[in-house]
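Colleague: Below is a structure I'd like to ask you about.
Just so you know, all these numbers are worked out from the coordinates, no wet-lab data involved. Treat the numbers as computed from the prediction; the structure is a model and nothing was measured. Cβ placement follows ideal geometry from the backbone for every residue including glycine, while neighbour counts extend to all protein chains displayed.
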Amino acid sequence: MLNSKVPDGPIEHKWRNYQLKSQLINPANKKKLSVIVVGSGLSGAGTASTLAELGYDIKCFCYQDSARRAHSVAAQGGINAAKNYQHDGDSVYRMFYDTLKGGDFRSREANTYRLAELSAPLIDHFVQQGVPFAREYGGTLVNRSFGGVQVQRTFYARGQTGQQLLLASYSQLYKMIRAKKVELFPRSEMLDLVVIDGKAKGIIVRNLVTGKLERYAADAVVLATGGYSRVFRLSTLAIGCNGSAIWKAHKKGAFFAAPSFTQIHPTALPQSSEAQSKLTLMSESLRNDGRIWVPLKKDDTRKPLDIPEDERDYYLERRYPSFGNLAPRDIASRAAKERIDAGHGVGRLKNAVYLDFKDAIEKFGLDTIKDRYGNLFKMYKKITGIDAYSTPMLISPTAHFSMGGLWVDYELMTTVPGLYAVGECNFSDHGANRLGANSLLQASVDGYFILPNTINNYLADEIKSEQPNIDHPEFEKAEQLAREHISKILAINGSKTVDHFHRELGKIMWQECAMSRTRNGLQNAITEIKKLRDAFWSDVKVTGSENEMNTELEKAYRLADFIELGILMCTDALQRDESCGAHFREEFQTNDGEALRKDEAYSYVSAWEYQNGDFKLHKEELEFEFVKPTVRSYK
């Protein structure tokens, strides 16, 4: 059932060979074909604008009031590309290997190589769009390092790279809107996928201003809706980020791959209150010049500046001397958790570690550090009131990126024909852990370069089929089910808020399915989440009605999906009796606390099929033809 459609031939020729053999559609026929794009971030805007340039009729939907508010802005630190500007030995192959190794050899070789291969032309693409990447005095684009690599391949625009790339992509999207080649639907949320004769043919949408349910038909549907780490409630994601679109697609037949592979970011601001609804990301780029440490003494109450150098534990430099503070995110996060659990945590709740720039300021000067990270330091001071130029930052591990997502083949098509998933909402390129600065890369490459060259293979045959119509019975059925789902939630009229249930779900997921997992913990989590699901459907209180702007209702139907997704995440983590990347089972670790992978038994992508509330496991066996999996060491 799982055909990855990976082309034959040497790995460096696969993408070229694929394009040489793919079907073509003449420009006159492209005008007759329509595509729905759900999401308007980097992957969605790139997809919509590029397909519109090619001549397709495009409808683009986003739940924000403007496409510029997509969460791609939060990826601050940079975007990777193998251009070897530093002449430090980088190459496409080295980037491919770093990404494969960083993901603990749990991703598809061909997709990972294509990501590295297309990285260099993508930078040129963004430069032509006007992205103000940082430059050397002579005009050459400058690079810095990110975790998990020993070269400098990260292009950046201070600490606001995601924002600058999104503005560039938005300009391309808006150009197509003005040209009437893209119709944009802001404040609109997909509630269900419409499948006709086994193919994706449209979506049911709720107008978030009026509450009206609307039908939209197309020849293909592309989901570009981002990640699902808000399942933990406290995360680096914006409050509105959700996994509902891909979950609805999953329940309509799209397999969900590797759901338990969710990344914990090592440099976020620590939780300071039970009432918080989200946490703030501090860019990983800060680890280039900042040094991470904790006091050697347990429960040390001294201020950081009062702790002498010989009483500080620079634990990443101690444990991983080859990579130091630039160890990959999963390793850096677990190392911080180990120190915090051992009693060396700092801050008011003793749940943080220090990120110190004293040495960097002495070496490079204050002006240089301000030039590199100035807006991040301003943001930190605005939130905490602390000047991080003179006092170390407090940082803590926090739920961040989703490596899991809808299963897609080499063409980025899901197991539902005509349904594609791009960017973070697919499982594709990162395996069990995403290397820093690869998220902007994957989102952009998927939207601008890959999907526009693969979707024609499907649409070339669809032009011969009958065009979709919103009067079809399947549209009526999907709309009625969405209406009944909303009515059911509103009719409960219980005593507890949506936030109460989300808070309880987040506690279970963070405790049992975050940085470390155990068999007993995961089994208990599944039991507790099912109890929470029953409590939600019997005691949640949602005020207002469906025929108006109702943010409480939005949160409720998204949380209903998160609860079901949480069960699947724990189920996926439970069946994988190994540790790899962000999936760390405490029963499977080396003597010195590192992840213990079991390639002979678990070298596959888990792809789950929804079956009336239960889940059936399918396996895509991973074949490593060009790289031999090795012990993942950063020491």
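Colleague: Rounded to whole Hz and in sequence order, give me ³J(HN,Hα) for region 219-230 from the Karplus expression 6.51 cos²θ - 1.76 cosθ + 1.60, θ = phi - 60°, writing x for Gly and Pro.
Modeller: For region 219-230, the Karplus-derived couplings read 7, 7, 10, 10, 9, 9, 9, x, x, 10, 6, 5 Hz, x marking Gly and Pro.
Colleague: Quick one: of Lys5/Lys635; Lys5/Lys83; Lys181/Lys464, which pairs are farther than 31 Å apart, Cα to Cα? Don't skip to the answer; put the middle values down first.
Modeller: Values: Lys5/Lys635 37 Å; Lys5/Lys83 28 Å; Lys181/Lys464 22 Å.
Pairs exceeding 31 Å: Lys5/Lys635.
Colleague: Modelled label-to-label distance, Glu53 and Ile386, 7 Å Cα→beta-carbon offset: nm?
Modeller: Taking the simple label geometry, Glu53 and Ile386 are separated by 4.5 nm.
Colleague: What is the list of residues in region 218-245 whose amide nitrogen lies under 11 Å from a point 7 angstrom out from the Cα of Ser273, following Cα to Cβ?
Modeller: Counting backbone N atoms under 11 Å from the label point, the list is empty.
Colleague: List the residues whose amide H sits under 5 Å from the amide H of Ala352, counting only those 5 or more places along or on another chain, with H placed 1.01 Å from N in the peptide plane.
Modeller: Placed amide hydrogens put Val346 under 5 Å from Ala352.
Colleague: What's the angle, to the nearest 10 degrees (0 to 90), between helix 519-539's Cα axis and the longest principal axis of the chain?
Modeller: 50
Colleague: State the three equivalent ellipsoid semi-axes of region 174-262, derived from the C-alpha gyration tensor as the square roots of 5 times its eigenvalues, in descending order and whole Å. Don't skip to the end; give the middle numbers.
Modeller: Values: eigenvalues 111, 72, 36 Å².
So the three semi-axes of region 174-262 are 24, 19, 13 Å.
Colleague: Report the calculated FRET efficiency for Lys212 and Lys477 (r = Cβ-Cβ distance, R0 = 25 Å), to the nearest 0.05.
Modeller: Details: r = 18 Å, r/R0 = 0.73.
The calculated FRET efficiency here is 0.85.
Colleague: Mind ordering 98-107, 353-362 by average Cβ neighbours within 10 Å, highest first?
Modeller: Top to bottom by mean Cβ count within 10 Å: 98-107, 353-362.
Colleague: Here is a follow-up. Using only the alpha carbon atoms of region 310-392, find the Kirkwood hydrodynamic radius as the inverse mean reciprocal pair distance, in angstroms to one decimal.
Modeller: Working: mean 1/r = 0.0702 Å⁻¹.
This gives a value of 14.3 Å.
Colleague: Order of 255-268, 558-571 by packing, highest average Cβ count within 10 Å first?
Modeller: Values: 255-268: 27.8, 558-571: 23.0.
Averaged packing, sorted descending, gives the order 255-268, 558-571.
Colleague: Could you check how many percent of all C-alpha pairs in the chain are farther apart than 47 Å?
Modeller: Working: 21616 of 201295 pairs.
Of all Cα-Cα pairs in the chain, 11 percent lie more than 47 Å apart.
Colleague: Something else now. State which entries of Lys30/Lys180; Lys212/Lys252; Lys21/Lys248; Lys201/Lys248 exceed 26 angstrom in Cα-Cα distance in the structure shown. Spell out each step's value before the answer.
Modeller: Values: Lys30/Lys180 15 Å; Lys212/Lys252 22 Å; Lys21/Lys248 33 Å; Lys201/Lys248 14 Å.
From the list (Lys30/Lys180; Lys212/Lys252; Lys21/Lys248; Lys201/Lys248), the Cα-Cα distance tops 26 Å for Lys21/Lys248.
Colleague: Going Cα to Cα from Lys175, which aspartates and glutamates come in below 19 Å? Please leave out same-chain ones fewer than 8 positions away.
Modeller: Cross-link targets: Glu53, Asp57, Asp65, Glu183.
Colleague: Using all alpha carbons of region 226-312, what is the percent of pairwise distances in each 10 Å bin, ordered from the shortest bin to the longest?
Modeller: 13, 30, 29, 17, 8, 3
Colleague: Here's a follow-up. So, in nm, how far is label Asp534 from label Ala342 when the simple model puts each one 7 Å beyond its Cα toward the Cβ?
Modeller: According to this spin-label approximation, the distance is 4.2 nm.
Colleague: How about region 435-511: which GluC sites (Glu not before Pro) there lie in a loop by DSSP and see at most 15 other Cβ atoms within 10 Å?
Modeller: Working: sites: Glu462, Glu466, Glu474, Glu476, Glu479, Glu484, Glu504; in loops: Glu466.
Passing both the DSSP loop test and the Cβ count: Glu466.
Colleague: By DSSP, what percent of the beta bridges with both residues in the chain are antiparallel, rounded to the nearest 5? List each step's numbers first, then the result.
Modeller: Details: 47 of 67 bridges.
Of those bridges, close to 70 percent are antiparallel.
Colleague: Scattering from the C-alpha atoms of region 94-226 alone, worked out with Debye: what is log10 I(q)/I(0) at q = 0.09, 0.17 1/Å?
Modeller: With no solvent term, the Cα-only Debye profile gives -0.45, -1.10.
Colleague: Could you calculate the contour length gain from Thr527 to Asp124, that is, 0.36 nm times the residue separation minus the distance between their Cα atoms, to one decimal place in nm? Numbers along the way, then the final one.
Modeller: On the way: separation 403, 0.36 × 403 = 145.08 nm, distance 5.05 nm.
That pair, Thr527 and Asp124, stretches by 140.0 nm at full extension.
Colleague: Can you give the translational diffusion coefficient of region 326-455 in µm²/s, computed by Stokes-Einstein from the Kirkwood radius over Cα pairs at 20 °C and 1.002 mPa s?
Modeller: Values: Rh = 17.8 Å.
Estimated diffusion coefficient is 120 µm²/s.
Colleague: Long-range amide H contacts for Phe615: which residues qualify at under 5 Å (H placed 1.01 Å from N, peptide plane, sequence gap of 5 or more or a different chain)?
Modeller: Those lying under 5 Å, H to H, from Phe615: there are none.
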